[in-house]
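The values are calculated or read from the model by the stated rules, or taken from the named source; none is laboratory data. None of these values were measured; they are calculated from a predicted model. Here the Cβ positions follow ideal geometry from the backbone for every residue, glycine too, while neighbour counts run over all protein chains shown. For accessibility, only protein heavy atoms count, side chains too; no ligands or nucleic acids. Shrake-Rupley method; radii C 1.70, N 1.55, O 1.52, S 1.80 Å.
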Amino acid sequence: MLTQLLPISAWSKQLNDEHLFIAGPCSAESRTQMLETAHLIRNIPAIRAFRAGIWKPRTRPGSFEGIGEKGLEWLREVKQETGLLTATEVAYPDHVEKCLQYDVDILWIGARTTGNPFSVQEIAEALRGSDKIILVKNPTNPDLDLWIGAIERFANTGITKLGAIHRGFYPFEKTRLRNIPKWELVIELKRLYPNLPIIGDPSHIAGSPDFIEEISQKALDLNYNGLMIESHITPKLAKSDAAQQVTPAWLANMLERLQIRTEISDNPIIIDTLEQFRQQIDSIDHQLIELLAQRCDISRKIGNYKHEHNLSIFQLRRWENIIQSRIKHGKELNLPEEHLSKLLQTIHKMSIQLQSSGDN
Ligand code: PEP
Ligand code: MN
């Protein structure tokens, strides 16, 4: 069934290439917030659709759970006033019915719902015969089959405007990102279903504006078909996901810097191989940094020891020895002397500073 999918350019007359950029607040909060944000977003040329959560699935009860049906009226006004397509999350058949009634263009399935095949099947049944655009977020746990299963349930009820949204996976350890991307799962999804459009959700992966650009560029480098980014007129005041929302002006600037590298191969095998190399590099860098941190710890200990025994910190003979022996070792391993020597100078400088920074 996944062979009958339509490309993005055939999803709507507003979409004329194979990319779809969606932006808007995490949640609909008020009519003014919706309309003001939408008018600013409409001026960003790449953006064709406006998102806003009307019913919010929250990890804990008591957080803002969405504005409900009146948000759909505001979404309808957004569409009438700006011409943008509109998008919201559905979790129940009843949500689907309301969205059909208010003519929302794009319905997405949230990460928590994708993980539940009963709910997905019910939503898919409610959509039977409709020609809405359906985007299925990945489940919170990195289970590719569960994600594919949800996508198949929509394809099986005749949905042809179907895509996936990659929003990252729940991190079991603390990471700098809110959700771990696990890009390799998406690469595998693309390899299995090359005609399934994939939209990146850098906001939920990053969890903070600090990493949104990096994640967005990475998604485009992997030939994603677009992005969905949370944008709010006053992010700090947002009732949900305040930490990761950006203003429309911030978004416009970033989108201008992003590059869609069409010269990058769309051959999944080449993308996959490159990704494997990059993962090796990531792992090695990680180890390099840990080793460097261990080296610094020892430098601090040496500093204290020299201090206790009244020895000078900089000992020329020792430094000459380090340089010579390391360069010789590096040469044996084909490392260019010029760069290695600079690296060693920097490491030595760091070590001297740590040794002399007093009581370590
Ligand atoms: C959202 O898009 O605001 C949202 C709730 O996302 P997710 O289902 O990915 O957590
Ligand atoms: Mn959100």
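Conditions tested, residue by residue: (1) modelled with pLDDT under 95; (2) surrounded by fewer than 21 Cβ atoms within 10 Å (Cβ to Cβ).
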| position | (1), (2) |
| --- | --- |
| Thr32 | no, yes |
| Arg58 | yes, yes |
| Glu73 | no, yes |
| Val78 | no, no |
| Thr82 | no, yes |
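Output the residue which, of all residues in the stretch 236-274 that are assigned to a helix (DSSP H, G or I) and without any contact (Cβ under 8 Å) to a residue 24 or more places away in the chain, is least open to solvent (accessible area, probe 1.4 Å). Residue satisfying both the conditions and the ranking: Ala242. If you go through the stretch 50-68 and keep only what is touching a Ser or Thr at 6+ places or on another chain (Cβ under 8 Å) and among the basic types (Lys, Arg), you end up with Arg51, Lys56, Arg58.
Here Leu316 meets the list (1) within 31 Å of the chain's Cα centre (by Cα); (2) at pLDDT below 85; (3) open to solvent by 80 Å² or more (accessible area, probe 1.4 Å) almost entirely, failing just condition (1). Selection over the stretch 85-110 of residues that are among the aliphatic types (A, V, I, L, M) and touching a residue at least 60 places away in the same chain (Cβ under 8 Å) gives a count of 3.
Within the stretch 212-235, the residues that satisfy the criterion of being away from ligand 1 (no atom under 15 Å from the Cβ), surrounded by fewer than 24 Cβ atoms within 10 Å (Cβ to Cβ) and not in a loop (DSSP other than H, G, I, E, B) are Glu213, Glu214, Gln217, Lys218, Leu220, Asp221.
Only one of the numbered conditions (1) open to solvent by less than 70 Å² (accessible area, probe 1.4 Å); (2) touching a residue at least 24 places away in the same chain (Cβ under 8 Å) is violated by Ser325, and that is (2). Would you confirm, using the coordinates I've provided, whether Ile347 is open to solvent by less than 70 Å² (accessible area, probe 1.4 Å), part of a helix (DSSP H, G or I), closer than 23 Å to Ile289 by Cβ and touching a residue at least 40 places away in the same chain (Cβ under 8 Å)? Taking the combined requirement at face value, the residue satisfies it.
Might you check whether a residue that is under 15 Å from Lys132 (Cβ atoms) and modelled with pLDDT of 95 or more occurs anywhere in the stretch 63-70?
Of all residues in the stretch 63-70, those under 15 Å from Lys132 (Cβ atoms) come to none.
Within the stretch 63-70, not a single residue is under 15 Å from Lys132 (Cβ atoms) and modelled with pLDDT of 95 or more.
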